[in-house]
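No value in this document is a laboratory result; all are computed from the given coordinates. Note that the coordinates shown come from a computational prediction; the quantities given were computed from them, not determined experimentally. When we count neighbours, we look across all protein chains shown, and the Cβ atoms used for this are built from the backbone with ideal geometry, even at glycine.
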């Protein structure tokens with residue numbers, strides 16, 4: 001039986017992640033995520049390849065990475081306020097439509113005029129800026145659809161399917177690049193955002209409404225006051241504060257690795273288009289497997305320790321990439337690193353959705369996301385400089401060793417050790 005918010009318990013069915021698809025609202029959200037992730041993967045592969053092979057500069061890849069991160073940092077905090085003020089379904093639909101229009105215009109520019117780095121950077125800024133608006137709303141709407149006991153499997157299935165779409169999209173992007181060039185890939189991404197908006201429009205508007213809790217109406221105030229309220233909630237809870245602060249060095253170091261896979265493929269492996277696409281796909285495949293595993297492990301019961309251990313394991317995987325010169329080994333290491341990322345992200349998302357009040361969830365999620373991303377542009381710049389001066393192998397060695405050290409520090413923090421949702 002479906003409640004007024006669209007939530008329906010699906011826990012009585014077989015203990016598989018797929019059972020959550022019986023919830024119609026979730027099925028539509030799931031379909032939207034699959035469509036947009038498929039196109040986004042093609043876009044990601046295409047834009048990195050086009051920029052690097054038109055300019056031959058690792059620093060230009062750095063600019064693309066920064067253009068993808070800075071909008072999330074600049075807009076993300078206010079996106080959380082929007083997600084707690086306005087209908088979350090509506091925000092998601094608007095974000096999809098704007099991204100589709102921007103990519104359509106970018107595709108037309110490339111087809112008629114040709115490559116221009118500044119125009120490409122502008123397209124990346126718009127796409128990722130409205131992705132930053134989309135994300136807090138999409139995460140905060142989930143507890144309005146699902147009972148708490150199904151959040152792990154719902155998050156896991158969303159992430160796993162998104163990564164599966166990235167696997168397919170990355171491989172498809174490599175084939176499109178090889179046979180048709182980059183322009184068709186950007187056009188496909190525009191269509192997938194429109195398809196996502198169509199799926200989201202079929203979700204009942206009441207599901208996107210913000211739950212206020214205890215039946216009390218929400219008082220209106222300034223954006224800054226709402227933002228301070230979310231930050232105060234985090235400051236007063238040590239596990240959440242340590243997660244936000246601990247994510248900064250992790251994302252900083254991860255950006256030194258994943259932003260330069262195209263350079264890694266060119267300098268360490270064979271510079272083959274298909275191999276580069278499969279490296280990207282390998283990470284996505286690992287994330288998908290790790291995300292699905294969370295519900296089977298009940299990982300939100302020990303989310304904090306899992307995060308610390310996972311960072312150490314990911315660091316070891318990056319060190320392995322630095323010393324590998326064989327595509328097969330690099331692909332396996334990619335998958336292993338992705339598996340850890342899937343475990344960490346899904347466990348953390350389910351834990352926050354379970355323990356944070358819904359009327360604060362958009363802001364808490366956006367502060368966590370933005371706080372973790374603040375150092376990412378610096379990491380991208382540092383990675384680009386290290387690669388320019390010493391090569392990508394040196395960059396990966398530094399990042400891998402530092403990730404291991406950071407994971408050990410996280411394991412020593414009391415808040416991280418106690419972060420869990422019963």
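Could you give the alpha-carbon Rg of region 136-259 over 2.2 N^0.38 Å, rounded to two decimals?
Rg over 2.2 N^0.38 Å, computed on Cα atoms: 1.43.
When averaged across all projection directions, what area in nm² does the alpha-carbon convex hull of region 46-128 cover?
5.7 nm²
When the chain is modelled as a GNM with alpha-carbon springs shorter than 10 Å, which of 44, 31, 57 fluctuates the most?
Of the options given, 57 has the highest mean-square fluctuation.
Does anything in region 49-85 have its amide N under 12 Å from the 7 Å Cα→Cβ label point of residue 205, and if so which residues?
Backbone N within reach: none found.
Which angle from 0 to 90°, rounded to the nearest 10, does the C-alpha axis of helix 376-390 make with the longest principal axis of the chain?
Here the helix axis deviates by roughly 20 degrees.
If contacts are Cα pairs under 8 angstrom and at least 6 residues apart, what is the relative contact order of the chain in percent?
Computed value for the chain: 27 percent relative contact order.
Assuming 1.567 mPa s and 4 °C, estimate D for region 336-422 with Stokes-Einstein, Rh taken as the Kirkwood radius over Cα pairs, in µm²/s.
In µm²/s, the coefficient rounds to 84.
Going by alpha carbons, how many degrees (0 to 90, nearest 10) lie between the helix axis of 24-55 and the longest principal axis of the chain?
The answer is roughly 20 degrees.
Counting pairs of Cα atoms in region 40-88, how many percent are more than 16 Å apart?
In whole percent, the long-distance tail amounts to 54.
Order these peptides, 290-301, 126-137, 170-181, by their mean beta-carbon neighbour count within 10 angstrom, highest first.
Packing order, densest peptide first, comes out as 126-137, 290-301, 170-181.
Report the label-to-label distance for residue 57 and residue 409 in nanometres (one decimal), using points 7 Å from each Cα along the Cα→Cβ vector.
The modelled label-to-label distance comes out at 3.2 nm.
Would you mind telling me which residue in 95, 205, 25 has the biggest mean-square fluctuation in a Gaussian network model of the chain, where springs connect alpha carbons within a distance under 10 angstrom?
Between 95, 205, 25, it is 205 that shows the largest mean-square fluctuation.
Can you figure out the FRET efficiency of residue 245 with residue 179, using R₀ = 45 Å and their beta-carbon distance, to the nearest 0.05?
0.45
Please give the FRET efficiency for residue 222 paired with residue 385, using the beta carbon to beta carbon distance and R0 = 35 Å, rounded to the nearest 0.05.
0.30
In percent, what relative contact order does region 303-422 have, based on Cα pairs under 8 Å that are 6 or more apart in sequence?
53 percent
If packing is taken as the mean number of other Cβ atoms within 10 Å per residue, what is the order of 362-368, 111-117, highest first?
In descending order of packing, they fall as 362-368, 111-117.
Once the Cα atoms of helix 151-179 and of the chain are each reduced to a long axis, what angle between those two axes, in degrees from 0 to 90 to the nearest 10, is obtained?
Taking Cα atoms only, the helix is inclined about 30 degrees.
Where is the GNM fluctuation largest for the chain (alpha-carbon springs, 10 angstrom cutoff): 270, 138, 330?
Result for the chain, Cα springs under 10 Å: 270 fluctuates most.
What translational D, rounded to a whole number of µm²/s, comes out for the chain from Stokes-Einstein when the hydrodynamic radius is the Kirkwood one over Cα pairs, at 20 °C and 1.002 mPa s?
D, rounded to a whole number, is 100 µm²/s.
For region 313-360, what log10 I(q)/I(0) values come out of the Debye formula at q = 0.14, 0.17, 0.21 1/Å, with one point per alpha carbon and no solvent?
-0.47, -0.57, -0.69
In nm, what is the difference between 0.36 nm times the number of residues separating residue 418 and residue 191 and their Cα-Cα distance?
Stretched out fully, the residue 418 to residue 191 stretch lengthens by 77.4 nm.
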